[in-house]
Amino acid sequence: MSDINRRRALGLGVIAVGGLAMPAVLCAQKGPRRNISSFTMQRWQDHFDTLGKGAIVADTKSRALHFWSGDEAIYRVYPTLVPISDALTKRGHTEIVRKKEGPGWTSTASQMKRFPGWKPVAGGDPANPLGSHAMYLPWPASLIHGTHDTRKIGRLPSDSCIGLCNEKIAELFALCPVGTQVRII
């Protein structure tokens, strides 16, 4: 096969399997989609009556967090990590009740059962699962926080939190005052 034909076949996403041509897309769609381009568009009006101090919609299905400032001048979409299972996912309306730069971490009750050897990690420690910033929700063990491990973004590694890479949580942290309304869907 010539170099041009090989490039054309790859560009069309065609793979020969058992004598049949099959689009590469069909071969690749095994298991949950982890493509950040699959974000579902959100409108704040579909979730809140007013913007108030600002609004966050964390979409656990498309693994994206949407933020609107209170004056609607700023809109951002961030890729996230989300809870491991529906049982651990808290959904509904809430708000940011506290913010902390350099948060400390302790394991949740479910993590203590699964990993009894885990010890608390001090804020600022590079091994801290909460990363550089955390915004606390009133639900127990539920936060929007950073992570040092960017491989987790777009995946299901959390027990009940929404996570962003440290660079993005620092940006969101600066934009969100305490009292920013949150909806997790």
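Once you list every other residue whose beta carbon is under 13 Å from the beta carbon of residue 182, what net charge do they have if Lys and Arg are +1 and Asp and Glu are -1?
Every neighbour counted, the sum reads +4.
Under the shape rule built on the C-alpha gyration tensor, where the axes satisfy a ≥ b ≥ c, the range 49-139 is prolate, since a/c reaches at least 1.5 and a/b is greater than b/c. Ranked by the mean number of other Cβ atoms within 10 Å per residue, highest first, peptides 178-185, 113-120 order as 178-185, 113-120. Taking amide H positions as modeled 1.01 Å from N, with prolines and chain starts lacking one, the residues under 5 Å from residue 104 and 5 or more places away or on another chain are 123. Each Cα pair under 8 Å and six or more residues apart adds its sequence gap; the mean of these over the residue count of the range 102-185 is a relative contact order of 24 percent.
Specify whether the C-alpha gyration tensor of the range 102-168 places it in the rounded, prolate or oblate class, a ≥ b ≥ c being the square roots of the eigenvalues: rounded for a/c under 1.5, otherwise prolate if a/b is larger than b/c and oblate if not. Taking the square roots of the gyration eigenvalues as a ≥ b ≥ c, the range 102-168 is rounded.
Derived scalar couplings between HN and Hα for the range 65-74 equal 10, 10, 10, 10, 6, x, 9, 6, 6, 10 Hz in order, rounded to whole Hz, by the Karplus curve 6.51 cos²θ - 1.76 cosθ + 1.60 (θ = phi - 60°), x for Gly and Pro.
None of the figures in this text is laboratory data; all of them are computed from the coordinates on show. Because the structure is a prediction, the values reported are computed rather than measured. Note that each Cβ is placed from the backbone with ideal geometry, even for glycine, and that neighbours are counted across all protein chains shown.
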